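**Q** Provided herewith is a single structure, encoded as structure tokens, for subsequent inquiry.
The values are calculated or read from the model by the stated rules, or taken from the named source; none is laboratory data. Bear in mind that the values here come from a model prediction, so they are computed numbers and not experimental data. Every residue, glycine among them, receives a Cβ derived from its backbone with ideal geometry; neighbour counts consider all protein chains shown.
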Amino acid sequence: MELIASLTYIKVVRKIDWNVQKYEEIESEIKLFDEKIIWSEDEIDIQAVFDISFRESKKKLGTLYLHTNRGVYPFYMKDVPKHFIEQYRNLIKK
């Protein structure tokens, strides 16, 4: 398995401490391999991925959507993942 591209995404975790709600941003990584896409909670075969899209937001985080045969997975990120999406599309053209 060869690593083609990787990307940092933000996982937002809600915590309640002493009746105060807090949000914590945890950075993690999504990795594109020639056979799979792997992230901290799961992995999926590249054949099960239909498309990858990105939607920018007026807020500080945009959303990368991983469209698969198991549903759509959202990943929040601060930067536009243009290189990651291009590498995925080049991979599936082969």
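**Q** For E29, state whether it is at pLDDT 95 or above and acidic (D, E). Steps first, answer last, please.
**A** Details: at pLDDT 95 or above: yes; acidic (D, E): yes.
Yes, satisfied.
**Q** Kindly provide the set of residues from region 1-28 that are in a strand (DSSP E or B), of a type in the set (D, E) and farther than 17 Å from L64 by Cα, ordered by number. Quick ask: steps written out before the conclusion?
**A** Of the residues in region 1-28, the ones in a strand (DSSP E or B) are 3-17, 20-28.
Keeping just the survivors that are of a type in the set (D, E) gives 17, 24-25, 27.
If the condition is that a residue be in a strand (DSSP E or B), of a type in the set (D, E) and farther than 17 Å from L64 by Cα, then D17, E24 are the ones that fit.
**Q** Do we find a residue being free of Cβ contacts under 8 Å to residues at least 24 places away in the same chain, assigned to a strand (DSSP E or B), surrounded by 11 or more Cβ atoms within 10 Å (Cβ to Cβ) and in contact with a Phe, Trp or Tyr (Cβ under 7 Å, 6 or more places away or on another chain) anywhere in region 42-62?
**A** yes
**Q** If you go through region 29-41, how many residues are over 18 Å from K11 (Cβ atoms), charged (D, E, K, R) and part of a strand (DSSP E or B)?
**A** 1
**Q** Could you count how many residues in region 32-42 are more than 16 Å from R89 (Cβ to Cβ) and at pLDDT 95 or above?
**A** Count: 3.
**Q** When only residues in region 8-30 that are among the hydroxyl-bearing types (S, T, Y) and surrounded by 11 or more Cβ atoms within 10 Å (Cβ to Cβ) count, which is nearest to D42 (Cα to Cα)?
**A** Here the answer is S28.
**Q** Restricting to region 63-94, give me the number of residues that are in a loop (DSSP other than H, G, I, E, B), among the basic types (K, R) and farther than 18 Å from E35 by Cβ.
**A** Initial filter on region 63-94 (in a loop (DSSP other than H, G, I, E, B)): 69-70, 78-81, 94.
Checking which are among the basic types (K, R) leaves us with 70, 78, 94.
So of that shortlist, the ones also farther than 18 Å from E35 by Cβ come out as 78.
Residues that pass the stated criteria total 1.
**Q** All but one of (1) under 11 Å from the mean Cα position of the chain (by Cα); (2) closer than 22 Å to L91 by Cβ; (3) surrounded by 15 or more Cβ atoms within 10 Å (Cβ to Cβ) hold for Y76; which doesn't?
**A** With respect to (1) under 11 Å from the mean Cα position of the chain (by Cα); (2) closer than 22 Å to L91 by Cβ; (3) surrounded by 15 or more Cβ atoms within 10 Å (Cβ to Cβ), Y76 is out only on (2).
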